[in-house]
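Please read the structure below before turning to the comments.
The values are calculated or read from the model by the stated rules, or taken from the named source; none is laboratory data. Note that the structure is predicted; figures quoted are calculated from it, not measured. Every residue, glycine among them, receives a Cβ derived from its backbone with ideal geometry; neighbour counts consider all protein chains shown. Protein only, heavy atoms only, side chains kept; ligands, DNA and RNA dropped before computing areas. Shrake-Rupley method; radii C 1.70, N 1.55, O 1.52, S 1.80 Å.
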Amino acid sequence: MGGEDDGDNNIVVAVRVRPFNRREKGLKSKLCVKMNGKQTTVTDPENGKDKTFTFDYSYWSHAKDGQTDFATNESIFKDLGHTILDNAMQGYNTCLFAYGQTGAGKSYSMVGSEEDKGIIPLAMDDLFKRIEDNKQENIKYIVEASMLEIYNETVRDLLNMDKMKKHGLKIRDHPVLGRQ
């Protein structure tokens, strides 16, 4: 959900290139990703061959180089978060899913930092402002949120660590339908 041409979109796929972390800077890592509009090109460092992928959004957040539009968490929230909240305010269940290997930048985008609030805090600020600004007394709001992590086949509820115990949340397997 999200995007300029909302229409009937149910799933929107976005990719983001984050800045090098301290370790990558220390190793003097070489950037192998370029972005142009919705296209993201990855260059194989071994043979120099390019592979280009097209997404609904390609966000450049590697460096403020003046060459490319730098995507802050706020700009990403404007593209994706507003539409998700619009749908939630209409009573639909919504989901924002961050996927990537460890260190890929999921927390950088979702949680952010003091200088650049992440998508989740921006969404919560906007959600509660919308509720506060609503003047229709006949509308009742119920807000439920979950923040789950799936890592090594273990599901963890990041908002309720008490449920965690040692092995994460219980995953239910139906004898016919499989995992539920």
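List of remarks:
- Student exercise, the chain dipole from Lys, Arg, Asp, Glu Cβ charges, in Debye to nearest 20: 940
- Within the stretch 32-150, antiparallel bridges make up roughly 90 percent of the DSSP beta bridges whose residues both belong there.
- Residues whose placed amide H lies under 5 Å from that of R16, excluding near-sequence neighbours: Y59
- In the chain, the longest principal axis of the Cα atoms and the axis of helix 119-133 are about 40 degrees apart.
- Square roots of 5 times each gyration tensor eigenvalue, C-alpha, the chain, largest first, Å: 31, 24, 17
- Average accessible surface area per residue within the chain, 1.4 Å rolling probe, Å²: 78
- FRET efficiency for the Y99 to N134 pair, using the beta carbon distance and R₀ = 25 Å, is estimated at 0.15.
- Whole-percent carbon and sulfur share, accessible surface of the chain, 1.4 Å: 50
- Among V155, T94, I142 the positive-end extreme of the charge dipole of the chain (Cβ point charges): V155
- When you restrict to C-alpha pairs under 8 Å that are six or more residues apart and normalise by the size of the chain, the relative contact order lands at 14 percent.
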